[in-house]
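Worksheet for the structure shown next.
The values are calculated or read from the model by the stated rules, or taken from the named source; none is laboratory data. Everything numeric in this text was worked out from a predicted model, so none of it was measured. As a convention, Cβ positions derive from the backbone with ideal geometry for all residues, glycine included, and neighbour counts pool all protein chains shown. The protein model used for the area step is the full one, side chains on, heavy atoms only, and it has no ligands, DNA or RNA in it. Shrake-Rupley method; radii C 1.70, N 1.55, O 1.52, S 1.80 Å.
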Amino acid sequence: MGRVEGKVAIVTGGALGIGQTTCLFLAKEGAKVAVTDILDKEGQQVTDKIKGFGGLAKFWHLDVSKEEEVKKVFTDINKTFGKINILVNNAGISGVSKPTDEITEEEWDRVMAINVKGVFFCTKQVIPYMRKTGDGSIINLSSIYGIVSAPDVPPYHASKGAVRIMTKTDAFLYAKDNIRVNSVHPGFIWTPMLENFLRSQGDVEAGRRMLDSLQPIGHIGETEDIANGILYLASDESKFVTGSELVIDGGYTAK
Ligand code: NAP
């Protein structure tokens, strides 16, 4: 029996990185997976991979910063799969890395629109379906940057701090509906987002070696490290866990 057998899961930003591995893990453990992303080709490839090992998945184009799109896509997912049990609010961007006094309002708003409003819109639109299903697990991707500071990406830090506390408020609000809400706080994980960020800063390999040295465990993490945590929170194994923050960071925040 799979760990999420019979459940229906939505993953935002599911085409690449942590979202992609999460889609694969959820499908391998028996969930029907709605893979959603703004990247159509890559998203479709994820569903093809899932179908390749006998899993059940469908791709939907979804920009989480557009509420009407979220509403339409979630209605269609519910119609296609019959219910919704799991939402992984994973879509996110790192945004600009400049000191606060050099950031424009537009640059600030772009990060907030995806990382914060995206989580708000998806949570808001999924609650009625989860109430109807009678259970739910919402997993929000925050970050170690939502817990501790560093002298870079100020809007990203603010957005991930917001996601951390939004998670706890929603956990409180929806516990009576049997809907659990938890946040996951990855440390540095090797994904296209991290690679692109390092490229924008200069030498990717040198950047990776520098990041490796920041973890007590001696290296940065892989998408599997995070997807395993998400899978636990999505499954009934975590039935007494809500409002919690799961830090997966190779010991970075243990300092
Ligand atoms: P990633 O490799 O960039 O993958 C994220 C996916 O989301 C991409 O396909 C991206 O498309 C998509 N996306 C961007 N904007 C979107 C939007 N408006 N609507 C829907 N999808 C959108 O990122 P990742 O590293 O796997 O990160 C996943 C989550 O974990 C993010 O919330 C991130 O903040 C968090 N996180 C990551 C790390 C890390 O070290 N990687 C650490 C802590 C937390 P594009 O490629 O076109 O942008």
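Tabulated data for the structure shown
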{"quantity": "Order by protection proxy (mean Cβ within 10 Å, highest first), peptides 179-189, 51-61", "calculated": "179-189, 51-61"}
{"quantity": "The stretch 58-92 versus the stretch 123-157: alpha-carbon centroid distance in Å", "calculated": "15 Å"}
{"quantity": "Inter-label distance, nm, simple model (7 Å from Cα along the C-beta direction), Arg199/Ile165", "calculated": "3.6 nm"}
{"quantity": "Met210-Val241 FRET efficiency (beta carbon distance; Förster radius 35 Å; 0.05 resolution)", "calculated": "0.55"}
{"quantity": "Calculated Rg and Dmax of the chain using C-alpha coordinates, Å", "calculated": "17.3, 54"}
{"quantity": "Three-way shape call for the stretch 18-94 based on the alpha-carbon gyration tensor, with the a/c threshold at 1.5", "calculated": "oblate"}
{"quantity": "Cβ-based charge dipole, the stretch 39-135, positive-most Cα from Met112, Gln125, Val64", "calculated": "Gln125"}
{"quantity": "Whole-number D in µm² s⁻¹ for the stretch 110-255, Kirkwood Cα-pair radius fed into Stokes-Einstein, 25 °C, 0.890 mPa s", "calculated": "152 µm²/s"}
{"quantity": "1.4 Å probe accessible area per residue over the chain, in Å²", "calculated": "46 Å²"}
{"quantity": "Simple label model, 7 Å out from Cα along Cβ direction - Glu67 to Lys49, nm", "calculated": "3.4 nm"}
{"quantity": "Long-range amide H partners of Val247 with built H, under 5 Å", "calculated": "His185"}
{"quantity": "Using θ = phi - 60° and Karplus 6.51 cos²θ - 1.76 cosθ + 1.60, couplings along the stretch 70-80 (whole Hz; Gly, Pro as x)", "calculated": "4, 4, 5, 5, 5, 4, 5, 5, 4, 5, 5"}
{"quantity": "In Hz, Karplus ³J(HN,Hα) per residue of the stretch 22-32 (6.51, -1.76, 1.60; θ = phi - 60°; x = Gly, Pro)", "calculated": "4, 4, 5, 5, 4, 5, 4, 9, x, 7, 8"}
{"quantity": "Total charge dipole magnitude, the chain, about the Cα centre, Cβ charges on Lys, Arg, Asp, Glu only, Debye to nearest 20", "calculated": "1020 debye"}
{"quantity": "Sequence-distant residues sharing a close amide H with Leu87 (under 5 Å, placed H)", "calculated": "Ile10, Ser137, Ile138, Ile139"}
{"quantity": "Solvent exposure ordering (accessible area, 1.4 Å, most first) of Ser238, Ser149", "calculated": "Ser149, Ser238"}
{"quantity": "11 Å beta-carbon shell around Ser143, net charge (K/R +1, D/E -1)", "calculated": "0"}
{"quantity": "Backbone HN-Hα couplings from phi across the stretch 150-159 [Karplus 6.51/-1.76/1.60, Hz, Gly and Pro as x]", "calculated": "7, x, 8, 5, x, x, 5, 4, 4, 5"}
{"quantity": "Estimated D of the stretch 1-143 in µm² per second, where Rh is the Kirkwood radius over Cα pairs and Stokes-Einstein applies at 37 °C, 0.692 mPa s", "calculated": "214 µm²/s"}
{"quantity": "Around Asp152: net Lys/Arg minus Asp/Glu count, Cβ-Cβ under 13 Å", "calculated": "+1"}
{"quantity": "Per-q log10 I(q)/I(0), the stretch 207-246, q = 0.18, 0.19, 0.25, 0.33 Å⁻¹ (Debye; single scatterer per alpha-carbon; no solvent)", "calculated": "-0.63, -0.67, -0.82, -1.05"}
{"quantity": "Positive minus negative residues near Val46 (Lys, Arg vs Asp, Glu; Cβ under 13 Å)", "calculated": "+1"}
